[in-house]
1. Please determine, by comparing only the residues of region 61-78 that are assigned to a loop (DSSP other than H, G, I, E, B) and open to solvent by 90 Å² or more (accessible area, probe 1.4 Å), which one is modelled with the highest pLDDT.
2. List every residue pair whose Cβ atoms sit under 8 Å apart, with the two residues 6 or more apart in sequence or on different chains, where the first one lies in region 1-13 and is closer than 10 Å to Pro39 by Cβ and at pLDDT below 90 and the second, anywhere, is hydrophobic (A, V, I, L, M, F, W, C) and not in a loop (DSSP other than H, G, I, E, B).
3. Given the criterion part of a strand (DSSP E or B) and surrounded by 12 or more Cβ atoms within 10 Å (Cβ to Cβ), identify the matching residue among Val45, Val31.
4. For region 48-60, enumerate the residues that are in a loop (DSSP other than H, G, I, E, B) and closer than 18 Å to Val12 by Cα.
5. What number of residues within region 48-60 satisfy the criterion of being of a type outside the set (Lys, Arg) and surrounded by fewer than 13 Cβ atoms within 10 Å (Cβ to Cβ)?
6. Within region 1-26, track down each residue that is open to solvent by 70 Å² or more (accessible area, probe 1.4 Å), out of contact with any helix residue (DSSP H, G or I) (no Cβ under 8 Å at 6 or more places or on another chain) and either among the charged types (D, E, K, R) or assigned to a loop (DSSP other than H, G, I, E, B) (or both).
Amino acid sequence: MLPTYNEAGNIVSMLTRLDRVLDGIPHELIVVDDGSEDPLAVAQVASALGARLLVGERNLGPAAARNRGAVEAEGEVL
């Protein structure tokens, strides 16, 4: 799970690395856009890298974004 706010350009490398490290291990990549000013850019990156996207209407901070992602996650381990 990756909370983000106005970081579309920076999450590419993080998601790519996570996916590589978890290769062969069942996993779910979740990006929580915490009210970014350009949500379309975050959505494009998340989609291109196969991540599930959750979008907040306004910025509530990283803790709230992580909590939302934790609630929505389907796996047994975060």
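The values are calculated or read from the model by the stated rules, or taken from the named source; none is laboratory data. None of these values were measured; they are calculated from a predicted model. When we count neighbours, we look across all protein chains shown, and the Cβ atoms used for this are built from the backbone with ideal geometry, even at glycine. What goes into the accessible areas is simple: the full protein's heavy atoms, side chains included, and nothing from ligands, DNA or RNA. Shrake-Rupley method; radii C 1.70, N 1.55, O 1.52, S 1.80 Å.
1. Of everything passing the filter in region 61-78, Glu74 is modelled with the highest pLDDT.
2. Note: pairs meeting the criteria are Ala8/Ala41; Ala8/Val42; Ala8/Val45.
3. On inspection, the qualifying residue turns out to be Val31.
4. Answer for region 48-60, where residues must be in a loop (DSSP other than H, G, I, E, B) and closer than 18 Å to Val12 by Cα: Leu49, Gly50, Ala51.
5. The qualifying residues number 3.
6. Arg17, Arg20, Asp23, Gly24, Ile25, Pro26
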